[in-house]
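Notes follow once the structure below has been shown.
The values are calculated or read from the model by the stated rules, or taken from the named source; none is laboratory data. Given the structure is predicted, the values throughout are model-derived calculations rather than measurements. Every residue, glycine as well, gets a Cβ built from its backbone with ideal geometry; the counts of neighbours run over all protein chains shown. Remember, those area values only see protein heavy atoms, side chains included, never the ligands or the DNA or RNA. Shrake-Rupley method; radii C 1.70, N 1.55, O 1.52, S 1.80 Å.
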Amino acid sequence: SLASRLQGAFDKLRGRGKIDETAVNEAMREVRLALLEADVNFKVVKEFIARVKERAVGQEVLKSLTPGQMVIKIVNEELTALMGGDVAKIAVANRPPTVVMMVGLQGAGKTTSTGKLAKHLQKQNRKPLLVAADIYRPAAIKQLQVLGEQIKAPVFSLGDQVSPVEIARQAIEHAKENHLDYVLIDTAGRLHIDEALMEELRQVREVAKPDEILLVVDAMTGQDAVNVAESFNQQLELTGVVLTKLDGDTRGGAALSVKAVTGKPIKFAAMGEKLDALEPFHPDRMASRILGMGDVLSLIEKAQEAVDTEKAKQMERQMRQGEFTFDMFLDSMQQMRNLGPLEDILGMLPGMNKLKGNMKVDEKQIGRVEAIVKSMTKAERANPDLLNASRRKRIAAGSGTSIQEVNRFIKQFEDMKKMMKQFTGMTDKIKKKQKKG
Ligand code: GDP
Ligand code: MG
């Protein structure tokens, strides 16, 4: 995968003292291959690599980072910029209704995305109208009506004997009369781009005067998706893209190239067939996903800000000696609390998402954990091996919890112990770096 390739490239940079040209070139060769293999547009790759090199070589390494992390940071930022940087919002017309045309090839996910977008808008207290303007595909109207029923949104249809242009015109009138503030026009697609399709879409555009023309493209089709986006953009002047089927085994290439090639932002990402599987597209999250590293950098930065206390240092010393007690667990929980919500912190650690599911750490649970630890004797707190069945039973009674809960916590404690080891390893490196610089 792209993620593991990039990781491989950066591993080579690990352990170097500063960012030198040879090291960057070596890593970038891997990045280039990885991107091309992920089906990213050739020209986009070339420019991307040049930009990263230019920024990376000779760059002063931030005190808190290693050179490898520094390059990852630059690649991450450039990937984010490549995909448009910020989240691109959907248009709001000065005078409602806001008209959105959904266009794209057959099977890309237009109709499904129209339903999903309506649901997304409803969550923001908008009142969308779904418009069935695909009069060619058998059952296309029915498909939209079913979606509309599921989300309780009105669907406008004039059957399949009235032209899409007329349907669009009347739908907008209908929306105005009924105070619906978004008109989502589900248009017809073809298997390939053809002049008849484009001409019809241009006519609908003429009449509907859309605030948004969103191209729906299938991320699974990789480079084809980018070519489709380029043609549609030339013919119709898109305002944005909806990238679908990101839940599948996509290689990420489409997401990376669409904005760079067309200049039009990806506004939404669809990640499944269900109606709530549509989200505003976050370039930074996609970049992290492509890099497959979680939000390591912000964790490192946060760790540096918050964990730099005497207590933490002492704890680290103990932990490096393989010591980890329940009291230290409580202390470390407090430390982590200072960093922010625990869920966020765990989510930032690579590979921790699984653990996060297991641990289900939340603030309320920390209270119960505190009670459990406080029901332990001093000896037990220092030595988990003492905790046999009868002691666990006593602790459960003392803390007002159950044996199951005590057992679960002790299991979590062991997991935590493993995690803290990784965590101290990281902060350790930062501190060393700080002392040098
Ligand atoms: P249209 O021809 O462009 O209107 O495409 P449809 O909306 O009818 O979707 C075509 C197929 O793709 C349907 O089976 C959808 O359920 C499926 N589909 C659409 N979006 C997604 C998605 O994000 N993920 C997955 N896995 N399937 C999707
Ligand atoms: Mg359709």
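Does region 83-119 hold any residues that are assigned to a helix (DSSP H, G or I), open to solvent by 30 Å² or more (accessible area, probe 1.4 Å) and within 13 Å of ligand 2 (Cβ to nearest atom), and which are they?
Initial filter on region 83-119 (assigned to a helix (DSSP H, G or I)): 110-119.
Filter once more, so that each one left must be open to solvent by 30 Å² or more (accessible area, probe 1.4 Å): 112, 119.
Scanning region 83-119 gives a single hit, THR112.
Residue check: is VAL75 open to solvent by less than 10 Å² (accessible area, probe 1.4 Å), within 25 Å of the chain's Cα centre (by Cα) and more than 16 Å from ligand 1 (Cβ to nearest atom)? Don't jump to the end; show me each part of the working.
Numbers: open to solvent by less than 10 Å² (accessible area, probe 1.4 Å): yes; within 25 Å of the chain's Cα centre (by Cα): yes; more than 16 Å from ligand 1 (Cβ to nearest atom): yes.
The answer is yes for VAL75.
Of all residues in region 120-145, which are within 21 Å of MET271 (Cα to Cα), within 12 Å of ligand 2 (Cβ to nearest atom) and out of contact with any Leu (no Cβ under 8 Å at 6 or more places or on another chain)?
GLN143
Considering region 150-189 alone, what residues qualify as being open to solvent by 70 Å² or more (accessible area, probe 1.4 Å), away from ligand 1 (no atom under 16 Å from the Cβ) and either under 19 Å from PRO96 (Cβ atoms) or not in a loop (DSSP other than H, G, I, E, B) (or both)? Walk me through how you get there before you give the answer.
Here is the first cut: in region 150-189, the residues open to solvent by 70 Å² or more (accessible area, probe 1.4 Å) are 150, 152, 160-161, 169, 173, 176-179.
Within this subset, residues satisfying the condition of being away from ligand 1 (no atom under 16 Å from the Cβ) are 152, 161, 169, 173, 176-179.
Hits for region 150-189 are ARG169, GLU173, LYS176, GLU177, ASN178, HIS179.
GLU273 is checked against (1) open to solvent by 40 Å² or more (accessible area, probe 1.4 Å); (2) without any contact (Cβ under 8 Å) to a residue 40 or more places away in the chain and fails just one. What number does that condition carry?
(2)
Identify the residue in region 120-135 that is open to solvent by less than 20 Å² (accessible area, probe 1.4 Å) and touching a residue at least 60 places away in the same chain (Cβ under 8 Å) and, among all such residues, is farthest from ligand 1 (Cβ to nearest atom). It would help to see each step written out before you state the result.
Keep residues of region 120-135 that are open to solvent by less than 20 Å² (accessible area, probe 1.4 Å), which gives 121, 128-134.
Imposing the further condition that a residue be touching a residue at least 60 places away in the same chain (Cβ under 8 Å) reduces the set to 121, 133.
Numbers: LEU121: 17, ALA133: 11 Å.
Going through the qualifying residues, I end up with LEU121.
Being farther than 27 Å from ALA171 by Cα and within 16 Å of ligand 2 (Cβ to nearest atom) narrows it down to one of VAL217, VAL228, so name that one.
Values: VAL217 fails: farther than 27 Å from ALA171 by Cα.
One residue alone meets the criteria, VAL228.
Take the conditions open to solvent by 10 Å² or more (accessible area, probe 1.4 Å) and modelled with pLDDT under 85 and apply them to VAL31. Does it pass?
Numbers: open to solvent by 10 Å² or more (accessible area, probe 1.4 Å): no; modelled with pLDDT under 85: yes.
When the stated conditions are applied, VAL31 does not pass them.
What pairs come out if I take residues in region 89-102 that are of a type in the set (A, V, I, L, M) and pair them with residues that are surrounded by fewer than 20 Cβ atoms within 10 Å (Cβ to Cβ) whose C-beta lies under 6 Å away, six or more apart or interchain?
Pairs that qualify, where the first residue is of a type in the set (A, V, I, L, M) and the partner is surrounded by fewer than 20 Cβ atoms within 10 Å (Cβ to Cβ), are ALA91/ASP211; ALA93/ASP211; VAL99/ASP211.
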